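What follows is a short report on a single structure.
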Amino acid sequence: VVNGFGISLGQLDYIAAAGVGHVFYVAGSEKVRITSVGSVGIGTSNPAAFFEISGSLTGARNANLQIGVDLFGTISVNTSKASGHVWYHSDGTQRILLDSIGNIGIGSSVTLNNKLQVEGNIGLQNGGYLAFSTSTAGAGNFSLYGDASSTVLNGPSSGFIGFKINNSEKVRLTSIGN
C-alpha cells in the first residue's frame, strides 16, 4: 500500500500509514482532524468522542458538542456549557427539550417548571400505568392504571387518598375504606 492520494473506481482515495491521522487546514489553521482510530474533530485537534464539534455552532459562542456511541450502542450528547440545553427539532419545531439541570419538556412551546413537563396528552397502552413514589422512607407509593373495564387508583397500605377542588379537600378515603 502506497501512502498518499490516488483515484480508484472513480473515487478519490487518501491512504496514510497505520497510526496516523488526517488533518485539514485552511490558511494555515487546522479545521478538521480524523484520528487514526476514526474519530472526527471539527475545531479540535483531539476529539474526545467519535464526532466532536468545538467552536461556533449556529450562532453559539465557545460551544462544544460531542456525539458518541459506546460499545453497547448508547448514544450520548455532551455540551461543555453548564447552562446549555439540548433540543430535538423536526420540521423546524421544537419537540423535546432537556435543560442543564435534567428537566425534560415534550412539546413545541413547553416551559420547564418540573422534572417532566408535557404539552398535550399522555397516552398509556398495553397495560401501562403511572406510578408515583416518594423519597420519604416507608411512605409507600401509589399508582393509577386501568384496562377496558376498570380504572384503579392504588394507594399505600397506610394513609389515605384525598380529592381536592381549589386546594380544599372534598373527599377522603382511608386505608380501611372509610
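Scan (1) surrounded by fewer than 11 Cβ atoms within 10 Å (Cβ to Cβ); (2) part of a strand (DSSP E or B); (3) at pLDDT below 75 for the single condition Lys170 breaks and write down its number. Condition not satisfied by Lys170: (3).
Are any residues in the range 29-50 part of a strand (DSSP E or B) and open to solvent by 70 Å² or more (accessible area, probe 1.4 Å), and if so, which ones?
Here is the first cut: in the range 29-50, the residues part of a strand (DSSP E or B) are 29-34, 40-42.
Listed by number, the list holds a single entry, Lys31.
When Ser157, Ser149, Ser135 are checked against the criterion of being surrounded by fewer than 11 Cβ atoms within 10 Å (Cβ to Cβ), at pLDDT 80 or above and on the phi < 0 side of the Ramachandran plot, a single residue qualifies: Ser149. Which of the residues belonging to the range 96-119 are open to solvent by 70 Å² or more (accessible area, probe 1.4 Å), over 22 Å from Phe132 (Cβ atoms) and over 12 Å from the mean Cα position of the chain (by Cα)? Result: Ser109, Thr111.
The values are calculated or read from the model by the stated rules, or taken from the named source; none is laboratory data. If you're wondering where the values come from, they're calculated on a predicted model, not measured in any experiment. Neighbour counts run over all protein chains shown; Cβ positions are idealised from the backbone, glycine included. Just so you know, the surface numbers come from the protein's heavy atoms only, side chains and all, with ligands and any DNA or RNA stripped out. Shrake-Rupley method; radii C 1.70, N 1.55, O 1.52, S 1.80 Å.
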